[in-house]
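Asks: I'd like to ask some things about the structure below.
The values are calculated or read from the model by the stated rules, or taken from the named source; none is laboratory data. Only a predicted model underlies this, so the values are computations on that prediction, with no experimental measurement involved. Every residue, glycine as well, gets a Cβ built from its backbone with ideal geometry; the counts of neighbours run over all protein chains shown. Protein only, heavy atoms only, side chains kept; ligands, DNA and RNA dropped before computing areas. Shrake-Rupley method; radii C 1.70, N 1.55, O 1.52, S 1.80 Å.
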Amino acid sequence: MKNEHTWRYTMLGVLFGLIGFMIIVQVFRLPYTPQAEAIVNEGKLYERTWHIYYPPRGQIYDRWGSLLAGNTLVYEVGVQVGALQNAETVAFALARVLSTHPEYNYADFYTDLLDVMEAAEESGRAYTQLADFVTPEELAQLKQWAESYDDLPAVPYGDTKQPSLVGLVYRPRLKRVYPEEALAANILGFVNRDGDGLFGVEQQFNNLLAGTPTGVWMTLDPYRVDEIPEMEEGSDLVLTIDREIQAAVEHVLDNALETSGAEGGTILVMDPNTGEILAMASWPRMDPNVYWDYAKFFPENQPYNRAVSTEYEPGSVFKVLTMAAALDSGAVTPDTVFTDTGMFQIGGIYIYNWNYGAWGPQDMGGCMQHSLNVCLAWVASQMGATNFYEYMQAFGIGHRTGIDLAAEAYGRLKLPGDSDWYEADLGTNSFGQGVAVTPVQMLAAISALANEGEMVMPHVVRSIVRDGYQYNPAPQVVGMPISAETARILSEMLADSLEEEASDALIEGYRVAGKTGTAEIPGPFGYESDLTNASFVGWGPVEDPQFLVYVWLEKPTSSPWGSVVAAPVFRQVVEQLVVLMDLPPDAVRAMMGSE
Amino acid sequence: MDNVQRMTQAYSQAPWRKQVQIIGIFLLALVTTAIVAGIYLNITARTTTMGREIQEMQILVYGYHSLFTTPQSGNMPVEELRQDIANLQAQLAYLTSYEVMDARARSLGFRPTEPDEMVYLEIEGYVAPQPVTLAPPPSPVVVSAAGVSDEFNEPLFSWLADQIEQTARLFGEVKP
C-alpha cells in the first residue's frame, strides 16, 4: 500500500519542485528582459516632476514702511491635452473672458487658441499654455463658465461635441504691482512681462530683488522628500524716500509744469548730511502698473528719470560751484570788488551779462545776487584753468555720482588738453555754459555747501532685507572739495543775496540759501532758441541744513527766468517740507536751543 | 508493565508529535514574520503618507489646479501660501495708499497743515520716529560660555560624585 503511492508522491514533489524552480528562475530572469527595462524606463518618467519655482520678487518700501512695489496674484491658464474634451469651447470661453485683457483683446485670439491646442495634440504634448497674467476676476469668470457647461444636460450634440471646459487648468503666480500707482514711478522703474526690472531701483537691484527662479526636478518619491531644495527668495528694499514728501513734491511739480508751460522737469529733495534722497519727482511720469504704455509717455527714448539721465547745461546755478572754488582757493574773498563793465574778454570771445548791462563795482555777494556772468568769468580767470577744473572735478562734474538708480548719465566737463577745449570754455563754464550735468550731479556737488564742505553720495536705498536680516549701508562722504569755512561763508552770502533781492524763494520763519539758474539751450548751431531751462538750488535752515532742494524746469513758456518760474517752486516745496519734516521755524529752534 | 505500555504508546505517537512540533514552529515563524511584516507595512505606509503630505505642503506637486475645484487655504502648499500673503499685502497697500488715505482724510474734513499753523512743544524725552525696521540687523551669534550648562562642561565622574553627594545630603536632611 505504501509503495503503491510512493511514485505519486514523488511525481507531485517533482512537479511542485519544478514549478517552484521555474518561478525562482523567472524572478531572476524577468528584471533583465527588454520589456522589463521598458517598463522601468516608463516608470522613471513618473518618479519626479519638473517644477519651476518663482520666488516672490522682493518688496520695496518707503522709509516708513509703506509698500511702494509688491506682488499680486495672476494666473497662467492652459490645457491638459489628454483630458481636453472640446477645444472649440475652450477657445470660445477664453476669447470671450479675455476680450478686455490688454494682451489678448485682438480679433484672431480665438483661432490662435485653436491652432495652439491642435499643435499640442499633434506633437503629443501633455500640457500647453494658452494665456498668462489672467486676473483673479477673469479666472472667476472662467470658473463660472466651466460650471455652466458642466450643468448642461448630457444629450447628443451631433458633430459638435458637448460643450465643456474639462481639461482647462490654471496655476497661480505673482506679478509685480505698484499700489501707489504713479507715485515715485521714476524712482521705482517697472518690471516687464518677462520679470526683468527696467529703469530705476527695479533695474539697479534686479538680481537682488528677483531672487533666483529655479527649475528643479521635484522627486515624487515620498522617501526622498528631504531632497526638495530650498529656494533663494528675493530681498526686500527700504528706500530713503518719504511717501508723504514724494507725493507733495510731485504735486508741486505738476502744478509748476501747468502754470509755467514747461515740457518737463524734476525736483529733488535730499538730506545733505547723509545723501538720503527724500523725494525725487520727475515728469513725464507714468503708472508702472501699465508699463506697456511706456512709449506713449517716453517717445523717442526720452529719459525715464530726468533727475539722473538728462544731461543739460545748468546755467547760473553752476556759479555756486565757481564761487565756492574761488573762495576756497583764495583767488577771491567775499569782499573782493570787481568792477563790471558789462563785458569780459577771455580766449578770444566776449562774455556778457544776462541783460547785457554793466553793473559797476560789485563785491562777490553782489556778483552772486545779480548773477553776473562777467564777474564769474573774471573770477574763474583769476583762479586759472588748472585750478578751476581741479575743483570742478572734485565736485564730481563730468562723473557719475554713483546713485543707486539705473541709467545715470555722466555729464560732460571738457578739460584743458581735450581736443575740443578752448580757453574761452573757462569763461563760459564759470557760469554754467558749455558744461553738461545731470540734476542729481548738481545736487551731489552742492551738498558740499550744505554739509560743512563734505560732499555726500546721493542714494535712494536705505536698507536691504535679506535672509531675515536688515542691512543698513552707511552714508558715504565722497569727498571734501571745499573747507567747512568756505561752505559757511558761501551759504551766508547766498542767504543774504536772497534776502536782499526779496526772492520768491524766501520762506517766512526759515532762513534759506540758494541760487537761481537760467540756462539757454544749445542747438547744433549755438544758442538760437529763446527757450531756456529754469532752475533753483537751495538749502536750509542755513544754520543747520536739513534739506537740499533742486528744481529744474525744462523750457518753461510763461517766463524764461529761473527767478520767476523756479524760485517760487522751491518755496512751495519748502513750505511743505518744514511741515512734513517737523522742522520748527528758526526762532523756535533758537529758543529751544537756548533753554 | 505500565512503563512498557507507556513507552509503546509514546513511541507510536512520536511521529505525529514531531509533526505537530514542526508545524508549531513553522506557524510561530509565520506569525512572527507576519507581525513584523505588518508593522513594517504600517510604518512604511505612514511614512509614505507623511512624505506625500510634506511634498504637497511644499509645492503643488502636479503644478495645476482644475477649474472645478477651489483650493482651500488650509491645504495650500507653502509656495502658494507665500503667493497669497504677498497678494494680501499688496491689497492692504492699495487700501492704505497715499491717494486713498488722502481722499479719506479730506472726506472726513481734514486738510493739509500750513507752516504758520504749526505749534511746536518741547517734550522732555521725546524720541522722533525712526525709519522702519523690517528685520533685526545682522550680528554675530556669540555663545557665552557662562550660558552653557555645567552638565556639558564637567567630567562624567565629577558629575556622578556630585549627584551622589547631593543625594546623600538629601537623605541626611531627612528628619524622623
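Asks: At A:Asp194 and B:Val31, where each label point lies 7 Å from the Cα along Cα→Cβ, what is the point-to-point distance in nanometres?
Replies: That separation, rounded to one decimal, is 7.2 nm.
Asks: Return the loop-located chymotrypsin sites (Phe, Trp or Tyr not before Pro) in the stretch B:76-139 (DSSP other than H, G, I, E, B) with at most 14 other Cβ atoms within 10 Å of their own Cβ; answer none if there are none. Please report the intermediate quantities before stating the final value.
Replies: Numbers: sites: B:Tyr94, B:Tyr98, B:Phe110, B:Tyr120, B:Tyr126; in loops: B:Phe110, B:Tyr120, B:Tyr126.
Counting only loop positions with at most 14 other Cβ atoms within 10 Å, the chymotrypsin sites (Phe, Trp or Tyr not before Pro) in the stretch B:76-139 are B:Phe110, B:Tyr120, B:Tyr126.
Asks: At a Förster distance of 30 Å, what's the computed FRET efficiency of B:Gln91 paired with B:Ile54, Cβ-Cβ distance as r, to 0.05?
Replies: On the way: r = 30 Å, r/R0 = 0.99.
Once rounded, the FRET efficiency stands at 0.50.
Asks: Could I ask something else about it? Bins of 20 Å, beginning at zero and ending with the bin holding the largest distance: percent of Cα pairs per bin for chain A, please.
Replies: Per 20 Å bin, starting at 0, the Cα pair percentages come out as 17, 37, 22, 14, 6, 3, 1, 0.
Asks: What does the charge add up to near A:Ile349, with Lys and Arg as +1, Asp and Glu as -1, over the other residues with Cβ less than 11 Å from its Cβ? Spell out each step's value before the answer.
Replies: Values: positive: none; negative: A:Glu423, A:Asp425.
Overall, the nearby charge balance is -2.
Asks: Quick one: pull the percent of accessible area on the protein assembly as shown belonging to carbon and sulfur, 1.4 Å probe, ligands and nucleic acids left out. Kindly include the intermediate steps, with their values, before the conclusion.
Replies: Values: 23660 of 40960 Å².
Here it works out to 58 percent.
Asks: So which GluC sites (Glu not before Pro) in the stretch A:527-564 end up in coil per DSSP with only 12 or fewer other C-beta atoms within 10 Å?
Replies: Working: sites: A:Glu528, A:Glu543, A:Glu554; in loops: A:Glu528, A:Glu543.
Those satisfying the criteria are A:Glu528.
Asks: Next question, about the same structure. What net charge is computed for the residues neighbouring A:Thr438, neighbours being all others with C-beta under 12 Å from the C-beta of A:Thr438, Lys and Arg scored +1, Asp and Glu -1?
Replies: On the way: positive: A:Arg306, A:Arg400, A:Arg412; negative: A:Glu311, A:Glu313, A:Glu408.
It works out to a net charge of 0.
Asks: State, as an integer percentage, the relative contact order of chain A based on alpha-carbon contacts under 8 Å between residues 6 or more apart. Walk me through the numbers on the way to the answer.
Replies: On the way: 1193 pairs, mean separation 84.2, N = 595.
Value for chain A: 14 percent.
Asks: While we're looking at this one, here's another question. Could you check the simple spin-label distance between A:Gln382 and A:Glu501, using points 7 Å along Cα→Cβ, in nm with one decimal?
Replies: Result: 1.9 nm between the two label points.
Asks: Continuing with this model, one more query. What fraction, in whole percent, of alpha-carbon pairs in the stretch B:7-58 exceed 16 Å separation? Numbers along the way, then the final one.
Replies: Numbers: 852 of 1326 pairs.
So the pairs more than 16 Å apart make up 64 percent of the total in the stretch B:7-58.
Asks: For A:Met343, what accessible area in Å² do you get when you roll a 1.4 Å probe over the heavy atoms of the protein chains, rounding to the nearest 10?
Replies: Roughly 90 Å² of A:Met343 is accessible to a 1.4 Å probe.
Asks: Please give the solvent-accessible surface of B:Leu121 in Å², to the nearest 10, using a probe radius of 1.4 Å with every protein chain present.
Replies: About 130 Å², ignoring ligands and nucleic acids.
Asks: Any idea of the accessible area per residue across the protein assembly as shown, 1.4 Å probe, to the nearest Å²? Walk me through the numbers before you get to the answer.
Replies: Details: 40960 Å² over 771 residues.
Accessible surface, normalised per residue, equals 53 Å².
Asks: Taking the stretch A:393-482, which trypsin sites (Lys or Arg not before Pro) meet the DSSP loop condition and have no more than 16 other C-beta atoms within 10 Å? Spell out each step's value before the answer.
Replies: Working: sites: A:Arg400, A:Arg412, A:Lys414, A:Arg462, A:Arg466; in loops: A:Arg400, A:Lys414.
When the trypsin sites (Lys or Arg not before Pro) of the stretch A:393-482 are filtered for loop state and at most 16 Cβ neighbours within 10 Å, A:Arg400 remain.
Asks: With r as the distance between the Cβ atoms of B:Tyr126 and A:Ala587 and R0 = 22 Å, compute the FRET efficiency 1/(1 + (r/R0)^6) and round to 0.05. Numbers along the way, then the final one.
Replies: Values: r = 20 Å, r/R0 = 0.90.
Result of the calculation: an efficiency of 0.65.
Asks: I would also like to ask the following. Counting alpha carbon pairs within less than 8 Å and at least 6 residues apart, what relative contact order, in whole percent, applies to the stretch A:52-239?
Replies: 38
Asks: Taking a probe of 1.4 angstrom, what is the accessible area of B:Met101 in Å², to the nearest 10?
Replies: Number for this one is 80 Å².
Asks: Count the lysine pairs in the protein assembly as shown whose Cα atoms sit under 28 Å apart, keeping only pairs 8 or more residues apart in sequence or on different chains.
Replies: So the count works out to 11.
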